[in-house]
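The values are calculated or read from the model by the stated rules, or taken from the named source; none is laboratory data. As the structure is a prediction and not an experimental result, all values here were calculated from the model. Virtual Cβ from ideal backbone geometry, glycine too; neighbours counted across all protein chains shown.
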Amino acid sequence: MKNAPIRVLVIIAIVSLIGIIGTQVYWLNRAIEQQDQVFNHNVQVALRNVVESLCEANGKDFPTVNPIEQVSGNYFIVRTNDRIDITNLEYLISAEIKKRAISQDFEYGVYDCANDQMVYADNVSLKNQANSPAIPVLQNEEYYFGVYFPEKAKNLFAGFDLWKFTTLITLVVIGFFGYALFVILRQKRLSEVQRDFINNVSHELKTPLATLALASTTLHERSAEKDNKYLTIINNEVARLHKNVEDILEASFIESKRPIQKAPLQLDQFLNTLTEGFKSEYASKLISWDLTGEANRAIFSNEKLLEKCIRNLVDNAIKYGGKHIKIAFSQDQNQTVISVADDGPGIPKEHLKKIFKKFYRVPESQHQHNQKGFGLGLHIVKSAVQNLGGKVGVESKIDVGSTFKIILNG
């Protein structure tokens, strides 16, 4: 499942590129075909005019059957079957071709109708016309000629500078896409390696932390009163380190997008039990608690994940100086809202949109003192609530406090 977005991105990109390339190739072929048809038509019109001029010079009528035959893409046979003045023929072909804006060099040959043997051939450069060698005078009465354009294909492609440019752009896009895909897959692999490393380290830390906690508790029970304060410090630090490890594991689990088991949950009983636990847990901090609300139905959720969200919000409120914590809940036909409000220093407005980002911590200021932690608590809340199909929001005023709301569907 976690690879699905990348697969969708790759498929969409590949289909888009194939579509772009396919469309470009299609229109390029169409353009070349049209250019080829225009060229062939112009050549045939030019050769027809040449035949008319030859017939007029010989005092003959234009043949009733079309004398022009295109043997191949760039070779034309003109069956005049009459006398041919080679000097006049070369002039006429060059003149007619130039009239139709054809600037391609050509070759022509004159054939004897009696045996189909070539009696004369020459190549003509329209850009740099040189003096032809001695031209023979043909004695027979019936000849035909052929015209060949050796660089027709090359010249057809030469006129597509725009297409060349767009092809270059397409190749650049393909190259960029290939590089971007390489970077994405590499970053994904590195992210997976990093996540596995963090999970392994976190799991490896849990066992020695549990051992330390057990040993510290045992020593606390057996030690003299003067040593208790040091053991208390050890206990507190072990607890804090244990919480950090749990946060890392929790964040990793939530981001793995694994399926979440949901079950019916009586919201009022759940929050009442949770609040009583908070009162006991934070008894030494002299926190006042309020729980208000009325639930008219059970919700379909994951109790452990929802408890983690509320606990993180409460921990966060107390960590930043809140002395009065108010937990409220309400339900209507479409949604359930759980809010955790405190009377702490508040969060500056410019940080409200960033506090749910992973590892983000509000900078220390006159209103906000720096606190220890990884910046994972609120990120876990947002990710967990999204996995439960809901959303989380926050309202805060400096020197008044903050209110976090968990909004669940149903």
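Remarks
- Identity of the residue in the stretch 51-80, polar (S, T, N, Q) and in contact with a strand residue (DSSP E or B) (Cβ under 8 Å, 6 or more places away or on another chain), that ends up nearest to D112 (Cα to Cα): T80
- Qualifying residue in the stretch 66-78 (condition: assigned to a helix (DSSP H, G or I) and surrounded by fewer than 13 Cβ atoms within 10 Å (Cβ to Cβ)): no
- The strands (runs of 3 or more DSSP E) found wholly in the stretch 278-340 and carrying at least 3 residues that are out of contact with any helix residue (DSSP H, G or I) (no Cβ under 8 Å at 6 or more places or on another chain) and surrounded by fewer than 16 Cβ atoms within 10 Å (Cβ to Cβ) occupy 288-293.
- Qualifying position, being over 30 Å from C113 (Cα atoms) and loosely packed, with under 11 Cβ neighbours inside 10 Å, among I6, I18, I32: I18
- R258 among the charged types (D, E, K, R), free of Cβ contacts under 8 Å to residues at least 40 places away in the same chain and under 24 Å from E395 (Cβ atoms): no
- Filter result for the condition that a residue is at pLDDT 90 or above and within 26 Å of V245 (Cα to Cα), over N312, N370: N312
- Taken across the stretch 375-386, residues that are in a loop (DSSP other than H, G, I, E, B), within 37 Å of the chain's Cα centre (by Cα), crowded, with 16+ Cβ neighbours inside 10 Å and of a type in the set (K, R) do not occur at all.
- Pairs where the first residue, in the stretch 398-410, is of a type in the set (A, V, I, L, M, F, W, C) and the second is part of a strand (DSSP E or B), C-beta under 6 Å, 6+ apart: F404/V340; F404/V394; I406/I338; I406/V392; I407/Q335; I407/V337; I407/K391; L408/T336
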